[in-house]
Amino acid sequence: MLLELNNIFKWVQQGGQRVFLLKDINLEVEEGEFISIMGPSGSGKSTLLNVMGMLDTFDEGEYNFLDEPVHQLREKHRANLYKQYIGFVFQAYHLIDELTVYENLEMPLLYKKISGSERKAMVADMLDRFNIVGKKDLFPAQLSGGQQQLVGVARALISKPKLILADEPTGNLNSKQGEDIMELFKQLNSEGVTIIQVTHSEKNAEYGKRTINLLDGRMI
Amino acid sequence: MIKNYLKIAWRNLFKNRGYTLINISGLAVGVCCFILIALYVKNEFSYDRFHSNSDNIYRVWQYENYGPKEEFVNTTTPISMVNVLKNNYPEIEDGSRVYRFNALVKKSDSEFNEEIRGVDPSFFQIFDFELIEGNTSAPFSSANSIILSESSAKKYFGEEDPIGKSLSVEFDEEIKFFEVAAIAANPPQESSIQFDMLVSLENEALFFSERARESWFNVVVESYLLLKPNQSAAQLEAKFPTIIKQYLGDNYEEGTFFLHLQPMTEIHLDPSLPPGLEPISNPKYAYVMGTIGFLILLLACINFVTLAVGRSFSRATEVGVRKALGAFRKQIVHQFWGEALLITLMAVSLGIFLALLFQETFNSLTGKLLYIDFDLSFWLITLGLVVFIALIAGIYPSIVLSKYNPIEVLRSRMVKGASMGLFGKSLVITQFVASIVMLIGTLMIGRQIDFLVSKDLGYQKDAIVVVPTNMSGEEADAFAELYVAELKKQPEVAEASWSILSFAENGWVNAGFTDKKNTYREFAVNIVNPGFLQTHNIQITEGRDFIIGNASDAQNGVLVNETFVKRFGLENPIGKPYDKFDIKILGVMKDFNFESLNNNIEPLLLTINLDPIFKHTENVELQHTTQPRVSVRLEAQNMTASIATLKNIWEKTNPGQEFEYSFLDEALSAQYQNELRSKSVVNIASILAIFIACMGLFGLATLTVARRKAEIGIRKVMGATITDIVGMISKDFIKLVLIATLFAFPIAWWVMDQWLQGFAYSVGISWWTFVLVGIIVVGIALVTVSFQSIKASMTNPVKSLRTE
Ligand SMILES: Nc1ncnc2c1ncn2[C@@H]1O[C@H](COP(=O)(O)OP(=O)(O)OP(=O)(O)O)[C@@H](O)[C@H]1O
Ligand SMILES: [Mg+2]
């Protein structure tokens, strides 16, 4: 089992009242799964994804990732865990504007203290695989949205994560571009990478093997 | 429309209170420094300009050259100079001498030792010193007239009307009565002629012997000449040699004696000529201060610009929207100007207020009495300041921002990505260059002064108390003798002796004579009694010290220093006379710094009896009144108790006089007034400069972090740790500071080298000062930036990414 959420609650204090963002979430994810999360706007999809990605905390419940109790881990240990196993893909791509495609891909490796030659090989590998070798010296502003998201996915994959968390990865793309990304996910999944994506599109959701529906922070 | 701009500007500033506060307070501090320093500089440059004739008044100075090392420049002249010149050259409208002497002034019950000025009756016609009471048209109607300044009138007469009252003045042995003829306003601070009391030099026979009055080598008075309108001083100077030849007669030698005219308005700031009766300033200090004032103002303005530019990125959207909505470029420019102007006005007002608040503090630092005068020139300068600051501060943001292409801005690509441009970087670098130079200056000046104050002078200065007798003549000598004898019996007193000048007086008697080979030579003289060397622990390298009670020592025995022997080429001097002087050299003293460390050690001769020396000197220069001064070395225990003993014995032996004393080490530190003052001013200035620069850095860091919020978030998600983020943000700024040090070090080196050249003895420039300053500045910058970068790196990336 890759991860397990047991009775997760998350809330914020607003005007003296508890507003629940996540209510009693129970979820088990096996390695190799492809899950789509759906729900209306504001239902807590991104929140849930961030909790799973250990970017956000929760207030109650248990979270085990590869049998490690995340809710008991120290910040540093947790950071190491997600650095090693999790890759993120964002709706707004979130590439760094001052860095070239090559440098954007290299960045996560820098934070993992990977040696220069190894980094070079890994980046070249990714560029090759995504067919963007010719674009390696361009800046994000010089790419189309679809190409930027391609780089975003490549960046998420570069450190060979077990799990990819994608928050509306196709939200800013046209349907053709979106389809390409989905095909890519499908292929990655067949290679054994676990994927959890948030989406608003029924069509994209069908790429997943399982769909989770959220409403007001609750799984239905 | 303007009202509209100001209204929008005001709302904008209010909305960004933190930014506005940093801006206004930084600028206000800059303006305050600038105003105070401008006062100082203006004061220094306005000396002697209040006379309506100031452009036609000159002071005579003379240059004598008798070969290498035998050159003399004096701004005081022979006594007869003014009359000689006046009688020979019709170009001269009038002239007056100014002579300074000390005398005991008595008015029935009160008596004070006063510095009196002797001047010619035409004094008030030449100069514009104001007479406010009494005979204001002809104040020196009689030789017995004395004119008091307002403050000395108050000192002697209080509320009484002083006009017509009499004062007695005691010259060496003689007492003369003067009648108060007029009261003059206290001379302005910006005057090279100062006085408390004036008497007419028609009485010159009272002050000078016949021989002194005739001599052309006895320089004791300042000679001021008023030229007729449109007369050229240079042309007049060219005519002087004929007169010199005529009056020097047999003493004349081609190319040795020259007379020159110095414009009165240049007296105060021309250190190439020695001071006359009043101290002068080195314009160095005015320039240093002026530069500091300007730099601090500039630093504050730069802050304004960097902050405005930084913030402008976050305002680019606003500009884009406005433009998209049809605003003209001009309107946007106007709006930024409106904001700059508003901030400037507030900052300048606050700055003036601060300057008023701190002017007393500033005066105590500079030793001046300067007050803000809300006159026309002040308002003009203020207006200039407002325009200057608003221009500098408004120009960049208004031009750059108004140029933004709305489409690009609204797509918000460029804005998010724009890093601190080259312009912004050079501004930060400029600020740090200025701060680093000032900081190095502060440390070096501090070290130099500590060095001067603590340097081994070759004699003991600690635990020594100097007691002036304030008496003259044989009676004074007798008293000094008695007092010293009584003191030596006290257990608190280690040694005691008296001399005509003590180490507390900077500059002893200068004696000049022409030796047998017809070379003019000069040396310093002091009259001491035999315990002098022991009191100050001065060492003898050859021969022996004076022996107490030895009659022949007291008659013609002298001690000379090593420089005397070397400079005058003496060989085996012990027991021999020197040149024409009927003296016997008893011993050679190890060199010691009897003058301040601004001067090198000159030949020195100590004697008990002055007569054999003065018999053959042609020129005697006195910088201090002569009177027996008792130096006492105390056993270093309870100083206050020891002083009480000195006072006690004083009162027993000399009931009439007030007991005065000073600690020698304190008196010596006072010789470095100028240096001490510039030290404290530069100290404060550099702290302010660093503070202002850091405020700018802080603001910039805030803006940078705000701008890079998303990037920081992404990097964190990609696995960056807090250290990574702090390192990344700080690195950029530290790089700038390091570049600044590269520029600042050579500049500071050059500046300090220039400054140290003014000292005969200096610590020299040390590399570790530079290293230390580098570390300090990088440290301060790091702390300043870390505040923001740590905060940024701790924020949850989910938050910063969501707002995107
Ligand atoms: N830190 C917070 N403080 C207060 N409310 C929050 C916070 N974080 C999230 N919320 C609220 O929680 C709810 C869920 O937010 P979330 O971003 O997870 O929704 P979403 O399902 O991803 O919506 P969308 O489809 O629009 O992206 C929203 O109503 C949001 O306003
Ligand atoms: Mg969402």
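The values are calculated or read from the model by the stated rules, or taken from the named source; none is laboratory data. Given the structure is predicted, the values throughout are model-derived calculations rather than measurements. Here Cβ is always computed from backbone atoms with ideal geometry, including for glycine, and neighbour counts include all displayed protein chains. Ligands, DNA and RNA are excluded from the accessible area calculation, which covers all protein heavy atoms including side chains. Shrake-Rupley method; radii C 1.70, N 1.55, O 1.52, S 1.80 Å.
Odds and ends about this structure:
- Oblate is the label for region B:194-266. Its Cα gyration tensor axes, ordered a ≥ b ≥ c, give a/c of at least 1.5 and b/c at or above a/b.
- When the Cα positions of B:A143, B:L131, B:Q235 are compared along the charge dipole of region B:56-266, B:Q235 comes out farthest toward the positive end, with charges on each C-beta of Lys, Arg, Asp and Glu.
- Taking packing as the residue-averaged number of other Cβ atoms within 10 angstrom, the listed peptides B:606-616, B:501-511, B:132-142, A:49-59 run from highest to lowest as B:501-511, A:49-59, B:606-616, B:132-142.
- The alpha carbon radius of gyration of chain B, expressed as a multiple of 2.2 N^0.38 Å, is 1.21.
- Residue order for B:W498, B:W650, B:W61, B:W337 - accessible surface, 1.4 angstrom probe, largest first: B:W337, B:W61, B:W498, B:W650
- Anisotropy class of the protein assembly as shown from Cα gyration tensor, a/c 1.5 cut: prolate
- Angle of helix A:175-190 to the longest C-alpha principal axis of chain A, folded into 0 to 90 degrees and rounded to 10: 80°.
- Per-residue mean of foreign Cβ neighbours for A:88-96 is 4 (Cβ atoms of other chains, 10 Å radius).
- Given their separation in residues at 0.36 nm each and the Cα-Cα distance between them, B:Q231 and B:L21 gain 69.8 nm when the chain is fully extended.
- Dipole axis of the protein assembly as shown (+1 Lys, Arg; -1 Asp, Glu on Cβ), positive-most option in B:N102, A:L81, A:V29: A:V29
- The alpha carbon centroids of region B:217-232 and region B:663-736 are separated by 55 Å.
- Contact order normalised by residue count of region B:56-266, Cα under 8 Å, 6+ apart, percent: 35 percent
- Label positions at B:S168 and B:E481, each projected 7 Å from the Cα along the C-beta direction, are separated by 2.6 nm.
- Bridge orientation summary for the protein assembly as shown: considering DSSP beta bridges with both residues in this region, about 75 percent are antiparallel.
- Averaged over the residues of A:155-162, the number of partner chain Cβ atoms lying within 10 Å of the residue Cβ comes to 1.
- Calculated SAXS-style log₁₀ I(q)/I(0) at q = 0.14, 0.17, 0.20 Å⁻¹ - region B:465-617, Debye, Cα scatterers: -0.70, -1.03, -1.42
- For the segment B:716-728, counting C-beta atoms of other chains within 10 Å of every residue's C-beta and taking the mean gives 5.
- The residues of the protein assembly as shown expose on average 45 square angstrom of accessible surface per residue, using a 1.4 Å probe on protein heavy atoms.
- Placing +1 on the Cβ of every Lys and Arg and -1 on the Cβ of every Asp and Glu, with nothing else charged, gives region B:56-266 a dipole about its Cα centre of roughly 340 debye.
- Shown in residue order for region B:38-52 are the 3J(HN,Hα) couplings computed by the Karplus curve 6.51 cos²θ - 1.76 cosθ + 1.60 at θ = phi - 60°: 4, 4, 4, 5, 4, 4, 4, 8, 10, 4, 6, 8, 7, 6, 5 Hz (x for Gly and Pro).
- DSSP assigns beta bridges within region B:464-670; of those with both partners inside it, close to 75 percent run antiparallel.
- Interchain or long-range residues, amide H under 5 Å from A:A166's placed H: A:V89, A:I196, A:Q197, A:V198
- Note on chain B: antiparallel DSSP beta bridges, both residues inside, total approximately 80 percent of the bridges counted.
- The label-point distance for A:Q14 and B:A551, in a model that sets each label 7 Å from Cα toward Cβ, rounds to 11.6 nm.
- Taking both sides together, the accessible area buried where B meets A is about 1800 Å² for a 1.4 Å probe.
- Unit charges on C-beta of K, R, D, E only; dipole of the protein assembly as shown, Debye: 6680 debye
- Comparing Cα centroids, region A:1-15 and region B:75-131 end up 97 angstrom apart.
- Only Cα sites of region B:642-706 enter the Debye sum here, all with the same form factor; the resulting log10 I(q)/I(0) across q = 0.12, 0.23 1/Å is -0.61, -0.94, listed in q order.
- Estimated dipole of chain B in Debye, rounded to 20 [Cβ of Lys and Arg +1, of Asp and Glu -1, Cα centre]: 7460 debye
- Accessible surface of region B:1-137 [probe 1.4 Å, protein heavy atoms]: carbon and sulfur percent: 53 percent
- Extension gain for B:M794 to B:T519 (0.36 nm times residue separation, less C-alpha to C-alpha distance): 90.8 nm.
- Extension gain for the segment B:L248 to B:S108, taken as residue separation times 0.36 nm less the Cα-Cα distance, is 45.8 nm to one decimal.
- Surface/4 estimate of mean projected area, convex hull on alpha-carbon atoms of region B:56-266, nm²: 13.0 nm²
- Nearest-0.05 FRET efficiency for B:K455 and B:K154, computed from C-beta distance (R0 45 Å): 0.60
- Degrees, to the nearest 10: B:329-366 long Cα axis against longest axis of chain B: 30 degrees
- Folded to 0 to 90 degrees: helix B:767-794 orientation relative to chain B principal axis, Cα: 30 degrees
- Tensor-based shape of region A:67-189 (alpha-carbon gyration tensor, a/c under 1.5 rounded, otherwise prolate or oblate): oblate
- Report note on the peptides A:194-206, B:770-782, B:30-42: ranked by the mean count of other C-beta atoms within 10 Å, highest first, their order is B:30-42, A:194-206, B:770-782.
- Cα lying deepest toward the dipole's positive end in chain B, options B:I765, B:F787, B:C32, charges on Cβ: B:F787
- Packing-based ranking, highest mean first, of A:139-149, B:157-167, B:372-382 given that Cβ atoms within 10 Å are counted: A:139-149, B:157-167, B:372-382
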